[in-house]
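Data first, discussion second: the structure below is written as structure tokens.
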Amino acid sequence: MMSQGENVFKAVIKYMILAVVLVVIAGIMSTLPRREDNHDTWLVEVEVMEKVVAEMDGEQVYLIRTQNRNGEEAIYEINQQALNKTLNVEGVFEEIKEEKIYQFRVAEKNKYDSHYPVVCGAVSLVDGFSPETKPEGK
């Protein structure tokens with residue numbers, strides 16, 4: 001028969017092993033690469049009006065001038081830091097065609113040290129502007 005002291009000893013050992021396992025799991029989780037946080041980006045749907053390669057601060061900057069469904073214009077920059085590792089600036093810039101409508105995610109210019117809001121990841125060609133949705137009850 002086990003004494004109360006042996007039961008306490010087994011419980012202490014059990015909790016120590018559990019603590020070590022949790023620390024190991026936390027260590028592994030902290031070393032795994034994390035997915036980019038999309039909370040700092042937003043989705044745009046725009047028609048590309050013009051593509052320009054400009055010289056700014058001694059570097060080539062790839063820009064697209066766009067217009068949304070309401071006629072509001074915006075300029076976006078294609079920056080390598082904002083693209084995933086399988087894409088490159090020149091390839092994305094070449095793939096985008098003027099007078100076509102695209103959807104893509106955008107981040108603030110200061111997030112990637114750029115001159116304009118930045119295209120994040122791949123761009124998707126769409127057939128036309130998506131139908132506008134109205135809030136419920138209106």
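The values are calculated or read from the model by the stated rules, or taken from the named source; none is laboratory data. Quick caveat, the model's predicted, so the values are computed rather than measured. All Cβ positions, even for glycine, are placed from backbone atoms using ideal geometry, and neighbour counts span all protein chains on display. Surface accessibility is based on the protein's heavy atoms, side chains included, excluding ligands, DNA and RNA. Shrake-Rupley method; radii C 1.70, N 1.55, O 1.52, S 1.80 Å.
Give me the residue from the range 49-93 that is among the small types (Gly, Ala, Ser) and outside any strand (DSSP E or B) and, out of that set, most open to solvent (accessible area, probe 1.4 Å).
For the range 49-93, the residue satisfying everything is 58.
Please determine, by comparing only the residues of the range 63-104 that are over 15 Å from residue 125 (Cβ atoms) and hydroxyl-bearing (Ser, Thr, Tyr), which one is modelled with the highest pLDDT.
76
Scan the range 94-132 for residues that are open to solvent by less than 100 Å² (accessible area, probe 1.4 Å), among the polar types (S, T, N, Q) and within 20 Å of residue 55 (Cα to Cα) and jot them down.
Scanning the range 94-132 gives a single hit, 114.
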